[in-house]
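Read the structure below first, then the notes.
The values are calculated or read from the model by the stated rules, or taken from the named source; none is laboratory data. In this text, all values refer to a predicted model and were calculated from it rather than measured experimentally. No Cβ is skipped: glycine too gets one built from the backbone with ideal geometry, and neighbour counts run over all protein chains shown. Each accessible area value is taken on the protein alone, full model and side chains, heavy atoms only, with ligands, DNA and RNA left out. Shrake-Rupley method; radii C 1.70, N 1.55, O 1.52, S 1.80 Å.
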Amino acid sequence: MNRLSAPLTPARSTGLHPNVTVIAHPLIQQKLTLARDRRTGVEQFRRLVGEIARLMVFEVCHDIPTQDVVVETPLAPCAGRRLAVEITLVPILRAGLGLAEGILELIPDARLGHLGVYRDEDTLEPVSYYSKLPPNVAQTDVVVLDPMLATGGSASAAITIIKRTGAKRIRFLCLVAAPEGIAAVTSTHPDVAIYTAAIDDHLNEKGYIVPGLGDAGDRLFGTH
């Protein structure tokens, strides 16, 4: 007989580090399960990644500062609130683009930077090959995007590049994280909040997250 699991809270701290949050909302977990399935094709996988990112960004941006504003409704003036700062999305190429596309549907006026960082398959060390950030990125709230936080090398390198601009309000969003990647980023950048939908078991000898969801870039762009 099937048994229902206990209800999931929308978000919870992990105990690994105070700046690490697992967003365990049931809708996110259902979509992540579908994305993990090896039978899920390119079109559906791409759509799921965008949907998960859109749902997660509500929690990621929960403490973005706002300011008072008054607008005119068809009937009368109305007090409301709007964002007090600009948001910059920085996908780590190429897989981070799948997250950015989903979030831009929710925050269409967000600025978009791009960082090219890949992991050397032999050394597992990050290699930076491209950087294009908005000129005022230091005055914005930055959300770094990558579906997978595996060794943490690419994420740490990307955050270091962004910090060189003077940016201080930086968050990192991923779908799946490995304990090794979390340890690497929190030790190098303890001030950066990490948001993930799942913390998986471990990395294998090739640096892939187990159970993970495979190579997110290949599955997003059909290159596997």
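Over the chain, what is the mean sequence separation of C-alpha contacts under 8 Å (at least six apart), divided by residue count, expressed as relative contact order in percent? The partial results should precede the final answer.
Working: 433 pairs, mean separation 45.3, N = 224.
Relative CO of the chain lands at 20 percent.
Let me know the charge dipole size of region 53-123 about its Cα centre in debye, to the nearest 20, where only the beta-carbon of Lys, Arg (+1) and Asp, Glu (-1) is charged. Present the calculation step by step, with values, prior to reporting the outcome.
Details: 6 positive and 11 negative charges, 31 e Å.
Magnitude of the dipole: close to 140 debye.
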Point to revise | Accessible surface of the chain, 1.4 Å probe, proportion on carbon and sulfur as whole % | key: 54 percent
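Are there trypsin sites (Lys or Arg not before Pro) in region 154-200 that DSSP marks as loop and that have at most 14 other Cβ atoms within 10 Å, and which are they?
Details: sites: K163, R164, K168, R169, R171; in loops: R164, K168, R169.
Here the trypsin sites (Lys or Arg not before Pro) that fit, given the DSSP loop and packing criteria, are R164, K168.
Can you give the longest stretch of the chain with no exposed loop site, where a site means GluC sites (Glu not before Pro) in a DSSP loop (not H, G, I, E or B) with at most 11 other C-beta atoms within 10 Å? Walk me through the numbers before you get to the answer.
Details: sites that count: E121, E205.
Value returned for the longest uninterrupted segment is 1-120.
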Study note, to complete from the structure: Calc'd 3J(HN,Hα), region 200-214, phi into Karplus 6.51 cos²θ - 1.76 cosθ + 1.60 (θ = phi - 60°), Hz, glycine/Pro = x, comes to 8, 6, 6, 9, 7, 5, 9, x, 8, 6, 10, x, x, 9, x
Study note, to complete from the structure: So, with points 7 Å from each Cα along the Cβ direction, the I64-S131 label distance in nm works out to 2.5 nm
Review point. Which lysines, on any chain, are close to K206 with Cα under 30 Å apart, when same-chain ones fewer than 8 places away are left out?
Key: K31, K132, K163
Check your understanding: Is it possible to state the helix-based mean residue ellipticity at 222 nm for the chain, with each DSSP H run of 4+ residues giving -39500 (n - 2.57), the sum divided by total residues, to the nearest 500 deg cm²/dmol? What is it?
Key -> -9500 deg cm²/dmol
Check your understanding: If you project the alpha carbons of region 90-145 onto their three principal axes, what span does each projection cover, largest first, in Å?
Key -> 39, 23, 14
Review point. Under a 1.4 Å probe, what is the accessible area of region 61-111 per residue, stated in Å²?
Key: 59 Å²
Practice item. Work out the charge dipole of the chain with +1 on the Cβ of Lys and Arg and -1 on the Cβ of Asp and Glu about the Cα centre, then indicate which of Q29, N136, I170 is farthest towards its positive end. Key: Q29
